[in-house]
1. Could you tell me which residue of the stretch 26-35 is nearest to residue 248 (Cα to Cα), considering only residues that are more than 16 Å from ligand 2 (Cβ to nearest atom) and either surrounded by 15 or more Cβ atoms within 10 Å (Cβ to Cβ) or within 15 Å of the chain's Cα centre (by Cα) (or both)?
2. Please state which of the following conditions residue 98 fails to meet, knowing it meets all the rest: (1) out of contact with any strand residue (DSSP E or B) (no Cβ under 9 Å at 6 or more places or on another chain); (2) surrounded by fewer than 14 Cβ atoms within 10 Å (Cβ to Cβ); (3) in a loop (DSSP other than H, G, I, E, B).
3. Checking residue 270 against (1) among the acidic types (Asp, Glu); (2) under 23 Å from residue 6 (Cβ atoms); (3) not assigned by TED's automatic domain parsing to the domain that holds residue 134, which single condition isn't satisfied?
4. Picking from 77, 18, 68, 43, which residue would you name as being exposed (fewer than 15 other Cβ atoms within 10 Å of the Cβ) and within 16 Å of ligand 2 (Cβ to nearest atom)?
5. Considering the stretch 203-259 alone, what residues qualify as being among the acidic types (Asp, Glu) and more than 20 Å from residue 49 (Cα to Cα)?
6. Considering only the stretch 118-139, I want to know if a residue exists there that is closer than 23 Å to residue 80 by Cβ and part of a loop (DSSP other than H, G, I, E, B).
7. Could you pull out the residue among 50, 38, 3, 70 that is under 30 Å from residue 232 (Cβ atoms) and away from ligand 1 (no atom under 16 Å from the Cβ)?
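The values are calculated or read from the model by the stated rules, or taken from the named source; none is laboratory data. What you see is a predicted model; the values in this text were computed from it and never measured. No Cβ is skipped: glycine too gets one built from the backbone with ideal geometry, and neighbour counts run over all protein chains shown.
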Amino acid sequence: MILLSLRLINKTFIVERGEVHAVCDVSLDIEEGEFFTLLGPSGCGKSTTLRCIAGLETPTSGEISLGGGLVYSSARGSVVPVYQRDIGMVFQSYAIWPHMNVFENVAYPLKYGSSNRMKKEEIRQRVSDSLSLVHLEGMENRSATLLSGGQQQRVALARALVRNPKLLLLDEPLSNLDAKLREEMRTELCELVHRLGITAVYVTHDQLEALVMSDRIAVMHEGRLVQIANSHDIYNRPVNAFVAGFIGATNFLDGRFKRDSNKGTCGVTETPIGTLFCSAGAEFNDGQVVKIALRPETIQVEDSKDKVPSSPGKTMNVFEGDIEILDFHGDSLVIRVRVGEELIQVKTDPDQQLHVGQHVYLVVSQDHCQAVPF
Ligand SMILES: Nc1ncnc2c1ncn2[C@@H]1O[C@H](COP(=O)(O)OP(=O)(O)O)[C@@H](O)[C@H]1O
Ligand SMILES: [Mg+2]
């Protein structure tokens, strides 16, 4: 069942120099229980979209429904205020009140957020339950200023969950934590969201975070949604060069597409390093200018011609060149191979015996040569 829908949401800010179109025609449907991520570079409109869902920002136009009811409609001129939306929210900055203790911070939405007053004992119980969800049981009386960054973030999460909202909105909640804690919290947060059966809309600019945590990812660019898919497809089937380049490392080659009449979405592409058999994430016309995206870890390196498939073609591409740069990363070896005018990055096994200057053969399957719109 769909819990949240956005229809043609636009948000324009009036600034001194004119207008900023922060969100352009964003439409999406999020299923109940889904962990949904808005991913994109800084300034692409993620926070503004999330704030429109929360009711902290009023869109310029469009429609938002939550749990089957309209919470915003420009056409009908209706806006449901923040506190009447069944939502909990966590910000990057934590937004913990420093003059309050942990209990008062977490209880805040119960005391001031809802229209019907709750009994003291129920508030106490709800706060206690919420704190145990984030592993801060018994910390009620601790002063907020004495908490570590990680604990403050947990308090913020407990506060967001205290009203048992249907929808949890998280805006870069882990960005201020150090790398190790961020990784731990990533797993814990995901587990908690799924265990509670809550629906989450998560905002991040961190592609790895998005790939690891999400059921589905919406990639945003300059206010628009460019692709909505699961992590696997976002990574392996990017719809354009922006998505391919933003998520993970990618080699790009300029190409001209030629359709393979027997295979719907496959073709060959003329590139600066020769003709490549490729697959296409979109419909291309014969002769259309495209980019070929090649992931470094999908390219196999062989040091002798004997190890290369004897009759490449259709499913395998082979090209040769000399290793120019070699970097040991511990868990991998990252090399750059000069093939004609191009420098191709390859990520390979750290135990492979390779050296700078070596002549090598690069093998990559057709499936891993993705033609994407220019
Ligand atoms: N209150 C505001 N007033 C003017 N411009 C804003 C405001 N909030 C956001 N913007 C602009 O809208 C665009 C999108 O911002 P934002 O949604 O915060 O991006 P993100 O969260 O993806 O980094 C940016 O260009 C930003 O400068
Ligand atoms: Mg933001």
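1. Across the stretch 26-35, the extreme among qualifying residues is 35.
2. Answer for residue 98: the failing condition is (1).
3. Every listed condition holds for residue 270 apart from (2).
4. Criteria check complete, one pass: 43.
5. Listed by number, the residues that qualify are 233, 254.
6. yes
7. Going through 50, 38, 3, 70 in turn, the sole match is 3.
Conditions tested, residue by residue: (1) closer than 22 Å to residue 207 by Cα; (2) in contact (Cβ under 8 Å) with a residue 60 or more places away in the chain; (3) surrounded by fewer than 19 Cβ atoms within 10 Å (Cβ to Cβ); (4) not charged (D, E, K, R).
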| site | (1), (2), (3), (4) |
| --- | --- |
| 94 | yes, yes, no, yes |
| 111 | no, no, yes, no |
| 118 | no, no, yes, yes |
| 127 | no, no, no, yes |
| 135 | no, no, yes, yes |
| 141 | no, no, yes, yes |
| 145 | no, no, yes, yes |
| 156 | no, yes, no, yes |
| 160 | no, yes, no, yes |
